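The block underneath contains the structure these notes are about, expressed in structure tokens.
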Amino acid sequence: MGELEQWQLDSHSPLTFTHDLRGHEITRQNDTGFRQQLGYTPTGMLTQQRAGSNTEPDARNKDLQRQWLYDKPYNLTMIADSLRGTAVHTLTANDQISHATWTGNSSVPMREERFTYDQNLNITRRQTWVNDVMESEAYQQQQHGQVASRDAQSLAAHHLMHQPRQRETGRREICPGSERTQHHLEIRC
């Protein structure tokens, strides 16, 4: 059926590929001990990956183990990754991601992205959070199907350098010269 069966780069050990009856790659391996196995749904969507040592098949702490989960309309809802943690996607009624969370692990911090959409299903706001602290926020507006305005700011460094302070009058201010509008805070420090 024309599937790739073997591939070699320079003097490296060649990779050998096997495929299922539908033509999906199910293994790739070489003679030096590398092996990758892939699994699929009946409709051909990737569900499992294991990559690592062929000589130590139960070496779970050394190998990459990954699993993908889908909802009924085949939207990706979760990725479990042995090296990076687990990603969970929350979807709107229109199958758009509204909240994506990476749980992280000992070397990767927890990370979230949150999205809001307008009535035409265009992204209007995106927030990035790392370990429960907002790192960045971006807004955009569209007119006639094209982005008409965009505003983005990185907040992680700003929070460290520009903590809200009090004037002698006791009023709190975010930053001299800042403007608050209906949609966002424009910071001019």
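We did not get these values from a lab; they are worked out from the coordinates using the rules stated. Just so you know, these numbers come straight off a predicted model, no measurement behind them. Neighbour counts run over all protein chains shown; Cβ positions are idealised from the backbone, glycine included.
Where Lys and Arg each count +1 and Asp and Glu each count -1, what net charge lies around PRO42 among other residues with Cβ under 12 Å from its Cβ? It works out to a net charge of 0. Residues of segment 82-103 with an amide N closer than 19 Å to a point placed 7 Å from the Cα of VAL130 along the Cα-to-Cβ direction: 84-88, 100-103. Computed from the Cβ-Cβ distance with R0 of 22 Å, the FRET efficiency linking THR116 to ALA80 stands at 0.25.
Extending 7 Å from Cα along the Cβ direction at LEU91 and again at GLN143 yields two label points whose distance is 3.4 nm. Checking the a/c ratio against 1.5 first, then a/b against b/c, what shape does the Cα gyration tensor give for segment 102-158? Taking the square roots of the gyration eigenvalues as a ≥ b ≥ c, segment 102-158 is prolate.
With a simple spin-label model that places each label point 7 Å from the Cα along the Cα-to-Cβ direction, the separation between THR32 and LYS72 comes to 4.8 nm.
With a sphere of radius 9 Å drawn around the Cβ of TRP129, what net charge do the other residues whose Cβ falls strictly inside it have (Lys, Arg +1; Asp, Glu -1)? For residues surrounding TRP129, the net value is -2. Fully extending the segment from LEU9 to ILE123 would add 36.8 nm, taking 0.36 nm per residue of separation and subtracting the current Cα-Cα distance. Net charge in the neighbourhood of ALA87 (other residues with Cβ under 15 Å of its Cβ; Lys, Arg +1, Asp, Glu -1) is 0.
Could you compute the FRET efficiency for GLN65 and HIS19, with r as their C-beta to C-beta distance and R0 at 22 Å, rounded to 0.05? Present the calculation step by step, with values, prior to reporting the outcome.
Numbers: r = 22 Å, r/R0 = 0.98.
Efficiency, rounded to the nearest 0.05: 0.50.
Here the mean projected area of the convex hull built on the C-alpha positions of segment 1-95 is 8.1 nm².
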